[in-house]
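Everything below concerns the one structure shown next.
The values are calculated or read from the model by the stated rules, or taken from the named source; none is laboratory data. Source: prediction; values computed, not measured. Counting neighbours? That spans all protein chains shown, and the Cβs are built from the backbone with ideal geometry, glycine included.
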Amino acid sequence: MILWHNPRCSKSRQTLALLEEKGVTPEIRKYLEDAPSLDELKAAQAALGLPVIKMMRVKEAAFKDMGLRKDSDDAVLLQAMADQPKLIERPILFAGDKAAIGRPPEQVLTVL
């Protein structure tokens, strides 16, 4: 399992703690330092089974600064996340071909 993690985010820290309580030690990917490629973001969206906009932090200043809207084209939104990984909603746990966003943290338990 891989956790796209931001150690400065309380939800990300809570999700990691919850996983560890359950005896799960995921591989940690600090996605702000090791940004996912466009192809990885497309794969993440497919694994999540969510609309692209649901995997974005729309309240980040960069969202508005980049001229993005909730109805922007998926390709534009994916490229924006590749260019500015802080726009990616966090944390995301990947387990095989499934994934879940840890908001709330308990949501990741659905892929265990």
Within the range 3-30, residues being part of a loop (DSSP other than H, G, I, E, B), out of contact with any Leu (no Cβ under 8 Å at 6 or more places or on another chain) and under 17 Å from residue 105 (Cβ atoms) number 4
Inside the range 58-87, the number of residues satisfying the requirement of being more than 13 Å from residue 36 (Cα to Cα) and either buried (at least 16 other Cβ atoms within 10 Å of the Cβ) or of a type in the set (Gly, Ala, Ser) (or both) is 10
Of the residues in the range 88-112, those that are surrounded by fewer than 20 Cβ atoms within 10 Å (Cβ to Cβ), at pLDDT 95 or above and not charged (D, E, K, R) number 6
Out of the residues in the range 14-32 that are touching a helix residue (DSSP H, G or I) at 6+ places or on another chain (Cβ under 9 Å) and not aliphatic (A, V, I, L, M), which is nearest to residue 87 (Cα to Cα)?
31
Neighbours by Cβ (under 7 Å, 6+ apart or cross-chain): first from the range 78-103, more than 16 Å from residue 16 (Cβ to Cβ); second part of a helix (DSSP H, G or I) and of a type in the set (Gly, Ala, Ser)
84/62; 86/62; 87/62; 87/80; 97/47; 98/47
Whether any residue in the range 43-65 is in contact (Cβ under 8 Å) with a residue 60 or more places away in the chain, assigned to a loop (DSSP other than H, G, I, E, B) and either of a type in the set (Ser, Thr, Tyr) or farther than 15 Å from residue 5 by Cα (or both) is what I want to check.
no
